[in-house]
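Peer 1: Pasting a structure here, questions to come.
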Amino acid sequence: MGKNYRKELDSLSEIYRKAICCDCEIISNFINKYCQKTFLAIGSGGSFSVAKIFEYMCTISGRMSKSITPLELGHYSDQLKQNVAVLFTAGGSNNDSRNAYTYVSNYEMEGILTCCMKQNSPIKKMQKENLHNYFFEYQMPVAKDGYLAVESMISFLTILSNAFWKATRNSFFKISEDDDWLNRKIDIDILNRVLQKQSIIVLHGGITTPAAVDLESKFSETSLGNIQLVDFRNFAHGRHFWLSDREDSTGIIALVSSKEQKIAKQTLQVVPESIPIFSVDIDDSTIMGLFEAFHFIFEIVYQAGMLRGIDPGKPKVPDFGRKMYHINYSMGNKRNDVVLCAAERKKAVGMNSCMAEYFEQGKENYKRLKRNSFRGIIFDYDGTLHNKEKYTSTESAIFDRINEFLAAGIQIGIATGRGQSVRRELQKVIEEQYWKDVVIAYYNGGCIGTLDDNMQPDKKSKGFPIEFEEIKVFLETSIPKETLKVDGIKDRNPFQLTIINDNDERGKACLEVIKEFVRQKSTVKILESSHSIDIIPLKSSKNNIFSWGLWKQYNEDDFLRFGDAGHFGGNDYELLQSIYGISVDSISTSPKYCWNYAKQGMRNLEATLYYLSERLEITQDGIKWR
């Protein structure tokens, strides 16, 4: 198996040049969107080294990250819900990476990014269609990665460097367009003295740590030797006794960054002269130092193979090793009880730590859902019925079901933060004969009309509020124009101002400044989404839809309500503050209102379709929850 290791190393220049041109926007946007969360970087084998690279880059850029293996992931269940996962896999086919994806997806982490160095891999077919799921794939200019995955390692390193550069504009991550890092020479004679020893201690720190981790991995995976990893200072805490007791059989490889030069020099000076030391200096002023570090460890692996007369890229894997690799280990059990899943979601965001109480409350609410008969349904739009990124078969199935409800005389309402764009989109998916029966609350309830009324929303019907004028002046005088996009000022929208941040850190800071200013206004309020805020008049509310025309004959409890942003401050919070307010994603802390009864791992449109197709049935009295 595998391929010639030397040829792999000789191909790295081409690998590097191709990866530089890769579009890494998915990764950079993810890094920025969740910059205030903790990133759990997950990987196995060589991909664990990539996870270490990601952790190091997060550290440099001021983000929190922890690199873990899929098995370790199973011990972080209490930390998963409110944080994000970045899963690295070279080929996307091994059981560990696929099971890790299933696990984090079922735990409904705040964000999940899968990065794969192969297009159309098996793990791509597993990806969920929800707003929290991101997938990055890249095809290297080689048919297949080698056994030690040096090509995918350099591809990952290059792409991640570019992604962090685009996300942070930190010059540290700006990579060179040439491949001079591949030309660093090593002293073969000194290195061979170390490699001939039975045990090798690898000293590292800072920028050299990911490379050191990868060196140990490659030595173990090809049986090149026994390596102990330790940083320069931890080495002084008892680790030196190994040298004292095994002086004749131990050598040292020291990967020395600029920051560790002083401690490295002091440490290595007191090591007995009889112990061979191979030391390389790494410049840690830019990310190119990490490329140099990986170049050195790749060459060390090659030289170790030469000494032992083996090709590290073509190991003979024993049968038991193959069996061990293909063990299918699942880290968590899938829960089929929707009430239990709902109670766990409430416990994750609620102030009560007693699971039993949430479970009992969840059962009681669920019984009330099943007892009632409903005349209609109010839906949020984006994230509930529609995915802005792409139109999917799930969305098509949702509107097929809504057309069935309309044909049966069920009242349908759409309460959205958008304007006329939602009318145009809905007219494409709802049958024209039912347009007059669909009520739309535009701009978070600021304006209401039916789907067949092409005059709505009518922005000329009201004057531009004085508070909006004051906010306009504040934006023009206090916020840099290039940081945020503002909708509603140019056309003087009387219903809503929308301020959008395209996943930029400076934009996030400006949004906080704007929110603080707006909160001082007593006649407007703020609704938040993942990357924007809507500023609306205090009297605007998605609940205004209940006052529409013929609907006044109904009680509000005659309507089910579905939305994705039920948390406090979310644009569905008011709509879902009801026993019959059901979330397809985030929920409020209230033990009484805004529950999410979707199956484990179902979110956004998938959850909506589940409710409509599997939970709701049409009866003579309207619709019932079954």
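Just so you know, all these numbers are worked out from the coordinates, no wet-lab data involved. Computed from a predicted structure; not experimentally measured. Methodologically, a virtual Cβ is constructed for each residue, glycine included, from the backbone with ideal geometry; neighbour enumeration extends over all protein chains shown.
Peer 1: Aspartates and glutamates within cross-link reach of residue 124: Cα-Cα under 14 Å, excluding same-chain residues under 8 positions apart?
Peer 2: Here the aspartates and glutamates satisfying the reach criterion relative to residue 124 are 137.
Peer 1: Using a simple spin-label model with points 7 Å from Cα along the Cα→Cβ vector, what separation in nm is obtained for residue 348 and residue 404?
Peer 2: Using points 7 Å along Cα→Cβ, the separation is 2.9 nm.
Peer 1: Then there's this: Quick one: length gained pulling residue 81 to residue 228 fully straight, 0.36 nm per residue minus the C-alpha distance?
Peer 2: Contour length minus the Cα-Cα distance gives 49.4 nm.
Peer 1: Which distance in nm do the two modelled labels at residue 523 and residue 327 give, with both placed 7 Å along the Cα-to-Cβ direction?
Peer 2: The modelled label-to-label distance comes out at 6.9 nm.
Peer 1: Follow-up question, since we're still on this one. What is the diffusion coefficient of the chain in µm²/s, taking the Kirkwood radius over Cα pairs and the Stokes-Einstein relation at 10 °C with a viscosity of 1.306 mPa s?
Peer 2: Once the numbers are plugged in, D ends up at 58 µm²/s.
Peer 1: Apply the Karplus curve 6.51 cos²θ - 1.76 cosθ + 1.60, θ = phi - 60°, to the phi angles in segment 348-358 and return the couplings in whole Hz, x for Gly and Pro.
Peer 2: With coefficients 6.51, -1.76 and 1.60, one gets 5, 10, x, 8, 8, 8, 8, 5, 4, 5, 5 Hz.
Peer 1: Under the 0.36 nm per residue contour assumption, what length would be gained going from the current alpha-carbon distance of residue 434 and residue 357 to full extension?
Peer 2: Fully extending the segment from residue 434 to residue 357 adds 23.4 nm.
Peer 1: Suppose R0 equals 22 Å; then what is the FRET efficiency for residue 187 and residue 66 from their Cβ-Cβ distance, rounded to the nearest 0.05?
Peer 2: Efficiency for this residue pair is about 0.05.
Peer 1: Only Cα pairs under 8 Å and at least 6 apart count here; give the relative contact order of segment 454-516 as a rounded whole percent.
Peer 2: Worked out over segment 454-516, it gives 32 percent.
Peer 1: Out of all DSSP beta bridges in the chain, what portion is antiparallel? Express it as a percent rounded to 5.
Peer 2: Antiparallel: roughly 30 percent of the beta bridges in the chain.
Peer 1: I'd like to compare 260-270, 383-393, 602-612: which one has the highest average count of other Cβ atoms within 10 Å, and what's the full order after that?
Peer 2: By packing density, highest mean first, the sequence is 602-612, 383-393, 260-270.
Peer 1: Using θ = phi - 60° and the Karplus curve 6.51 cos²θ - 1.76 cosθ + 1.60, what whole-Hz ³J(HN,Hα) does each residue of segment 425-439 get, with Gly and Pro shown as x?
Peer 2: Ordered by residue, 3J(HN,Hα) equals 5, 5, 5, 7, 10, 9, 4, 4, 5, 9, 4, 5, 9, 9, 9 Hz.
Peer 1: Same structure, new question: Using only helices, what value at 222 nm comes out for the chain when you add -39,500 (n - 2.57) per DSSP H run of length 4 or more and divide by the total residues, to the nearest 500 deg cm²/dmol?
Peer 2: Theoretical 222 nm ellipticity from helices: -11000 deg cm²/dmol.
Peer 1: Also, quick follow-up: Less than 19 Å apart at the alpha-carbon level, and either on another chain or at least 8 residues along: which lysines does that give for residue 428?
Peer 2: 388, 390, 436
Peer 1: Now for a different question. Given labels modelled 7 Å from the Cα in the Cβ direction, how far is it in nm from residue 10 to residue 273?
Peer 2: Going by the 7 Å Cα→Cβ label model, 4.2 nm.
Peer 1: Under a straight-distance cross-link criterion of Cα-Cα below 23 Å, which lysines are reachable from residue 592, leaving out those fewer than 8 residues away in the same chain?
Peer 2: Within reach: 81, 346, 347, 363, 367, 370, 542, 624.
Peer 1: Under the rule of at least 5 residues apart or a separate chain, name every residue whose amide H is placed under 5 Å from the amide H of residue 67.
Peer 2: When sequence neighbours closer than 5 places are left aside, the close amide H contacts are 41.
Peer 1: Can you work out the PRE-style zone for residue 469? Point 7 Å along Cα to Cβ, and I want the residues of segment 512-544 with backbone N under 17 Å.
Peer 2: Once the point is set 7 Å along Cα→Cβ of residue 469, 521-524, 537 turn out to lie under 17 Å by backbone N, inside segment 512-544.
Peer 1: To the nearest Å, what is the center-to-center distance of segment 85-119 and segment 469-543, using C-alpha atoms only?
Peer 2: Measuring centre to centre over Cα atoms gives 35 Å.
Peer 1: So, R0 is 35 Å and r is the distance between the beta-carbons of residue 579 and residue 513; what FRET efficiency does that work out to, to 0.05?
Peer 2: 0.40
Peer 1: Separate question: Over the chain, what is the relative contact order in whole percent, taking alpha-carbon pairs under 8 Å and six or more residues apart?
Peer 2: Result for the chain is 13 percent.
Peer 1: Mind listing the long-range amide H neighbours of residue 282? Cut-off is under 5 Å, sequence gap 5 or more, other chains count too, H placed in the peptide plane at 1.01 Å from N.
Peer 2: 256, 257, 258
Peer 1: Taking the Cβ of residue 202 as the center, what net charge do the other residues with Cβ under 14 Å away carry, scoring Lys and Arg +1 and Asp and Glu -1?
Peer 2: 0
Peer 1: What FRET efficiency comes out for residue 461 versus residue 25 if R0 is 41 angstrom and r is the Cβ-Cβ distance? Round to the nearest 0.05.
Peer 2: Taking R0 as 41 Å, the efficiency between residue 461 and residue 25 is 0.55.
Peer 1: Provide the per-residue ³J(HN,Hα) series for segment 469-475, in order, calculated from phi with Karplus coefficients 6.51, -1.76, 1.60 and θ = phi - 60°, each as a whole number of Hz, with x at glycine and proline positions.
Peer 2: 4, 5, 5, 4, 4, 4, 4
Peer 1: Another one. For a quick check: with amide H placed at 1.01 Å from N, whose amide H comes under 5 Å from residue 447's, ignoring anything fewer than 5 positions away on the same chain?
Peer 2: For residue 447, the qualifying residues are 442.
Peer 1: Compute the length gained on full extension between residue 239 and residue 568: take 0.36 nm times their separation in residues and subtract their Cα-Cα distance, giving the result in nm to one decimal.
Peer 2: This chain segment gains 113.3 nm when fully extended.
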